[in-house]
1. Can you pull out every residue in the stretch 50-108 that is among the hydroxyl-bearing types (Ser, Thr, Tyr) and over 30 Å from Thr25 (Cβ atoms)?
2. Look at the stretch 1-30 and say how many of its residues are in contact (Cβ under 8 Å) with a residue 24 or more places away in the chain and part of a helix (DSSP H, G or I).
3. For Ser143, state whether it is small (Gly, Ala, Ser) and loosely packed, with under 14 Cβ neighbours inside 10 Å.
4. Identify, please: which residue in the stretch 54-108 is of a type in the set (Val, Ile, Thr) and part of a helix (DSSP H, G or I) and is, among those, surrounded by the fewest Cβ atoms within 10 Å (Cβ to Cβ)?
5. Could you tell me whether any residue of the stretch 118-141 is within 30 Å of Leu22 (Cα to Cα), of a type outside the set (Val, Ile, Thr) and not in a loop (DSSP other than H, G, I, E, B)?
6. Please determine, by comparing only the residues of the stretch 109-120 that are surrounded by 16 or more Cβ atoms within 10 Å (Cβ to Cβ) and of a type in the set (D, E, K, R), which one is farthest from Val153 (Cα to Cα).
Amino acid sequence: MDNDHTMTAEGLEALRKEIEELETTARNDIAQQIKTAREWGDLKENAEYHEAKRAQSHLETKILQLREQLNNARIVETTVGDVIGFGSTVEVEDEKTGRTMTYTLVSLREADPSSGKLSYESPVGVALRDLRPGEVATVETPSGERRFKVVSVS
């Protein structure tokens with residue numbers, strides 16, 4: 001999973017949508033900003049124009065980077081069964097607090113902890129790999145060791 005371009009099929013679709021949004025709406029917005037700034041006169045001392053051109057440059061760089069990811073994408077099938085792997089959705093219980101959490105293990109690019117999507121390469125993702133319901137993952141954190149009991153895998 002050390003490939004920065006590894007992702008799920010859902011991640012690939014999200015990447016395509018993001019590129020489409022940037023190549024259409026975002027480009028049009030910046031083109032409009034440049035047009036408006038040009039109408040304000042002398043371009044040498046026109047801060048709005050220079051800022052819009054800088055934003056355009058950043059946008060085009062981002063599009064190139066995302067296109068590279070798309071062109072080099074390697075789709076990994078999600079793991080099926082009761083063993084935790086890439087793409088698994090796992091319910092765990094924090095043994096210290098008793099709190100239950102649900103995570104889906106995804107690529108680094110797709111990770112969004114606030115939505116319950118953890119990177120397969122994160123400390124928690126690594127600790128959960130290859131476990132089954134009933135087993136415990138131990139994770140070292142800055143505030144000490146945390147233990148997560150696997151409740152279910154889907």
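The values are calculated or read from the model by the stated rules, or taken from the named source; none is laboratory data. Quantities reported herein were computed from a predicted structural model and do not represent experimental measurements. Heads up, the Cβs are rebuilt from the backbone with ideal geometry, glycines too, and the neighbour counts pull from every protein chain shown.
1. Of everything in the stretch 50-108, those that are among the hydroxyl-bearing types (Ser, Thr, Tyr) and over 30 Å from Thr25 (Cβ atoms) turn out to be Thr78, Thr79, Ser88, Thr89, Thr97, Thr100, Thr102, Tyr103.
2. The qualifying residues number 14.
3. For Ser143, the condition - small (Gly, Ala, Ser) and loosely packed, with under 14 Cβ neighbours inside 10 Å - is met.
4. Among those residues, the one meeting the criterion is Thr61.
5. Scanning the stretch 118-141 turns up at least one residue that is within 30 Å of Leu22 (Cα to Cα), of a type outside the set (Val, Ile, Thr) and not in a loop (DSSP other than H, G, I, E, B).
6. Arg109
This table checks each residue for (1) outside the structural domain of Glu135 (by TED's automatic domain parsing); (2) touching a residue at least 24 places away in the same chain (Cβ under 8 Å); (3) in contact with an Asp or Glu (Cβ under 7 Å, 6 or more places away or on another chain).
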site	(1), (2), (3)
Asn71	yes, no, no
Gly81	yes, yes, no
Glu95	no, yes, no
Tyr103	no, yes, no
